[in-house]
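Working notes for the structure below.
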Amino acid sequence: MLTIACGSTTEPVAPSLHGTWVAPAETASPSGWYERSLTFDGKGSFAAGLHIYGIYNWQPSDELSAYQRTEGTYEIEGDRLVFHAARLVWWDRYYGAQSPEQISEPYPYGPIFDNARFELRDRQLILHFTVYPVDAPEPAVLVFNQAQ
């Protein structure tokens with residue numbers, strides 16, 4: 001009896017999130033604006049950034065007011081995206097333009113993008129996750145555009 005094996009595999013290929021993804025700017029309250037970003041290195045590390053501009057009344061609207069960057073590792077499990085935050089890096093102009101960057105390690109808060117699921121569509125990363133306001137968990141969605 002002769003058996004011939006085919007060389008094709010049917011295992012799904014994990015989607016690549018490698019690179020930087022930026023969400024459209026949003027208005028901050030009572031003034032200013034902010035922009036979120038996600039960067040994946042393709043080797044299992046991520047950085048989630050938030051840059052805030054013009055929130056202090058003595059600042060022009062395009063001047064950086066504060067930033068924070070959550071760093072850690074991630075795993076892709078089908079359409080699930082699991083984030084393991086390791087540290088928080090932040091700076092706030094409130095403490096002075098020359099104030100030092102602050103680092104909190106280990107990461108001082110709970111999970112980020114809890115129960116995250118994602119889709120890649122037309123150079124966009126659509127992230128569905130759970131937020132926990134005062135009363136009960138609620139679904140949330142962020143759309144990030146692939147940076148050039």
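Here, each number is a calculation from the coordinates, and none is a lab measurement. Please read all numbers here as calculations on a predicted model, not as lab measurements. Glycine also receives a Cβ, built like all others from the backbone with ideal geometry; neighbour counts cover every protein chain displayed.
How much length, in nm to one decimal, is gained on full extension between GLN98 and ARG80, taken as 0.36 nm per residue of separation minus their Cα-Cα distance?
2.5 nm
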Report summary line: Filtering chymotrypsin sites (Phe, Trp or Tyr not before Pro) in the range 60-114 by DSSP loop and by at most 13 other Cβ atoms within 10 Å leaves TYR109
Query raised in the report: Given charges of +1 on the Cβ of Lys and Arg and -1 on the Cβ of Asp and Glu, with all other atoms neutral, how large is the dipole of the chain about its Cα centre, in debye to the nearest 20?
Result: 200 debye
Requested in this report: Give a quick list of GluC sites (Glu not before Pro) in the range 33-127 that DSSP marks as loop, anything other than H, G, I, E or B, with at most 14 other Cβ atoms within 10 Å.
Outcome: GLU63, GLU101
Query - For peptides 123-134, 42-53, sequence by mean Cβ density within 10 Å, most packed first - result: 42-53, 123-134
Query raised in the report: Tell me, in nm to one decimal, what length is gained between ARG36 and LEU50 on full extension, where the rule is 0.36 nm per residue of separation less the Cα-Cα distance?
Result: 4.6 nm
**Report entry** Cα gyration tensor shape of the range 47-104, rounded if a/c is under 1.5, else prolate or oblate by comparing a/b with b/c
**Finding:** oblate
Query raised in the report: So what is the relative contact order for the chain, in percent, with contacts set as C-alpha pairs under 8 Å and at least six apart?
Result: 17 percent
